[in-house]
Amino acid sequence: MGEILLKIENISKYYGSIKAVDKLSITIKKGNIYGLLGPNGSGKSTTLGMILNVVNPSEGSFEWFEGKLNNHQALKKIGAIIERPNFYPYMTAIQNLKLICQIKKCSYDSITEKLELVRLWDRRNSSFSSYSLGMKQRLAIAAALVNNPEILILDEPTNGLDPEGIEQIRKLIKLTASKGTTIILASHLLDEIEKTCNKVIVLKNGKKFYEGPTDQITQTHGYFEIGATDLKKLKLFLESIPQIQQLKWNDPFYHVSLNEALSEDKLSQLLVNETIFITHFVKKQPSLEQEYLTLIQ
Amino acid sequence: MIRLLVIELHKIWYNRISKTLIFGYFLLIFSVAIFSTLKVEIGPIEFYFAEQGIFDFPYIWHFNTFIISLLKIFFAVVIVAMIGNEYSYRTLKQNLIDGLSKKEFILSKTYTILAFVVSSTLLVFLISLILGILYSDYTELSIIFSDLEYLIAFAVKLFGFFSFCLFLSILIKKSAFSLGFLGFWQVFEGICYGLMKWKLSDSIPQLSAEQIFQFFPLNAMSNLIKEPFTRLSAFQNIAQEFGDGFNKDYSVSLLSIIIVLFWSFLFIWGAYVILKKNDL
């Protein structure tokens, strides 16, 4: 059991009659990488806004570092990027980072290191307004890391970037994670979450829908894809097998999901016994994306 | 406090427009001072400000604080533009995420206003002192350092005006609209005064329009330092020639100072309350 960094208790945010976040409770523990998932409008950004002190909660509370620090003291030990990079366009990268160090009360020492890390050192004296979107996003990462934060919060960090930019940001996140920094990553890119996060929290309509280890969400009995020359016979036969939960025609084969373990050799044996000649036979584990889509439906 | 001041000055210093406006403001103060020492010749008419007695102690305190306070709009634009920028660049949001509290945000703006007011007041004091010593007919210490309350009035006037600008920019968020509203408010106060002058004495005879009007923020600020021109001996002479003696109270009233300080407090506190309530 790791140290608790953030405890959110029954937090809600109403916009008029709309409940953007509805009695949400989350506990963030040290050393984990959390993926925050949910469709647009599920309350991810509002939740992050509340814990980052820019959105006032309608109800409920949260505390950082077990209440040892008040909110804005705690935020100085946190690095956060929300939606898009916000900097003073007329200042250079260095000037912007120095300002952030003043706000966070940290020394200027790591500015050079972080600018080199995000490969902006050569452009350190160019004004922020002259940067491309990818560079802006990388500067945002440098800014979030400049105080060597205990926890890094990223909301859609790869939004609007080209594939190369996405790859660069992903590498930076992995590098930061490998140093033991706790990360909360809100993203739509599920393969990204699957690869980087060890815990997943799914939000839907402002409520927590699922919370658990990433591998558990995909750890099901898997599914088969089966096609045959005689599809009618195949269907009749498959419907008689108790381990099969659901049968879906997914042209040109059946998508067969399981509710109990059923191995490939066992099923093929049964098919042979019934003299069904198959044209397609695959067993697969679902990806996070598929599981997520089933979850939120 | 130093940290908050440094944060705000860092933001202003690297912004070319703000820096230019502030330099322009201080430069204008100097140039006003220098120009008024020159002899102006327009055709056959020769005009020499210094001979009109504007540099005589203690009148110079009144004259200079009045003239230089007209330049306050320069820094007002800086305040309004800088806060407007914080919203449009969304850096206010980022500042809060980085760990600045909303209270600190308002305080850092307020400290900057204070620093600006103090440096302006010091500058006015020094320039007036130097011009006075060079050109005044009276140089006794007791005369030089009389009527210094105009400097206090100057500082309070600037502080009140900038607090109003701070409040408006937090309330309205868009700098152009904030400045527009400032102009609108000036007109609004004028209309109110006109209406009161017209109707009030009919319904409540014991109250004069001026008695109420002195509590309006912009009017209270302008009441702090009354126009100095009619106090000049040249003007007084003309007025006397036309028969009716000219009697006006030019002194700084304590009530005006209290009213403006009260408004300043209300504006800063109001700005904080609005910011605290808003989601960003």
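The values are calculated or read from the model by the stated rules, or taken from the named source; none is laboratory data. Here the structure is a predicted model, which is why all the values come from computation and not from measurement. Neighbour counts are summed over all protein chains in view; Cβ atoms, including those assigned to glycine, are modelled from backbone coordinates with ideal geometry. Note: areas computed on protein heavy atoms with side chains; ligands, DNA, RNA excluded. Shrake-Rupley method; radii C 1.70, N 1.55, O 1.52, S 1.80 Å.
Values for this structure:
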{"read-out": "Kyte-Doolittle at least -0.5, axis length at least 15 Å by Cα - qualifying DSSP helices, chain A", "value": "A:93-104, A:133-145, A:163-178"}
{"read-out": "FRET efficiency estimate (nearest 0.05) - Cβ-Cβ, A:Thr220 to B:Ala115, R0 56 angstrom", "value": "0.30"}
{"read-out": "Highest-fluctuation residue, A:Asn205, A:Asn147, A:Asn125 considered, GNM on chain A with Cα pairs under 10 Å", "value": "A:Asn125"}
{"read-out": "Cα-only Debye scattering, the protein assembly as shown: base-10 log of I(q)/I(0) at q = 0.06, 0.09 Å⁻¹", "value": "-0.49, -0.84"}
{"read-out": "For A:Phe281, distant residues with modelled amide H under 5 Å away", "value": "A:Gly227"}
{"read-out": "Candidates per GluC sites (Glu not before Pro) in region B:93-195, loop by DSSP, up to 13 other Cβ within 10 Å", "value": "B:Glu140"}
{"read-out": "Threshold 50 Å², region A:17-58 residues less accessible with all protein chains present than alone (1.4 Å probe)", "value": "A:Val54, A:Asn56"}
{"read-out": "Gyration tensor over alpha-carbon atoms, region A:143-297, equivalent ellipsoid semi-axes in Å", "value": "42, 15, 14"}
{"read-out": "Percent accessible area from carbon and sulfur atoms, region B:117-231, protein chains only, probe 1.4 Å", "value": "72"}
{"read-out": "Distance in nm between pseudo-label sites at B:Ile2 and B:Lys19 (7 Å out along the Cβ direction from Cα)", "value": "2.3"}
{"read-out": "Sites B:Ala239 and A:Ser129, calculated FRET efficiency, Cβ-Cβ separation with R0 60 Å, nearest 0.05", "value": "0.55"}
{"read-out": "Interface area, A with B, accessible, probe 1.4 Å, both sides summed, Å² nearest 100", "value": "2700"}
{"read-out": "Choice from B:Ile22, B:Ile34, B:Ile268 showing the highest fluctuation, given a GNM over chain B with Cα pairs closer than 10 Å", "value": "B:Ile34"}
{"read-out": "Threshold 20 Å² - residues in region A:98-116 whose accessible area is reduced by that much or more when the chain is no longer isolated, probe 1.4 Å", "value": "A:Leu99, A:Ile100, A:Gln102, A:Ile103, A:Lys104, A:Lys105"}
{"read-out": "Theoretical ellipticity at 222 nm over the protein assembly as shown - DSSP helices of four or more residues, -39500 (n - 2.57) apiece, nearest 500", "value": "-16000 deg cm²/dmol"}
{"read-out": "Percent carbon-and-sulfur accessible area, region A:94-176, ignoring ligands, DNA and RNA, probe 1.4 Å", "value": "46"}
{"read-out": "Positive-pole candidate from B:Gln52, B:Val6, B:Phe26, dipole of region B:1-66, charges at beta carbon", "value": "B:Val6"}
{"read-out": "Cα-projected label distance for B:Gln52 with B:Val187, points at 7 Å along beta-carbon direction, nm", "value": "3.1"}
{"read-out": "In region B:1-59, chymotrypsin sites (Phe, Trp or Tyr not before Pro) in a DSSP loop with at most 13 other beta-carbon atoms within 10 Å", "value": "none"}
{"read-out": "Mean accessible surface per residue for the protein assembly as shown, computed with a 1.4 Å probe while every protein chain stays in place, in Å²", "value": "48"}
{"read-out": "Calculated FRET efficiency for the pair A:Asn159/A:Arg119, C-beta based, R₀ 25 Å, to 0.05", "value": "0.80"}
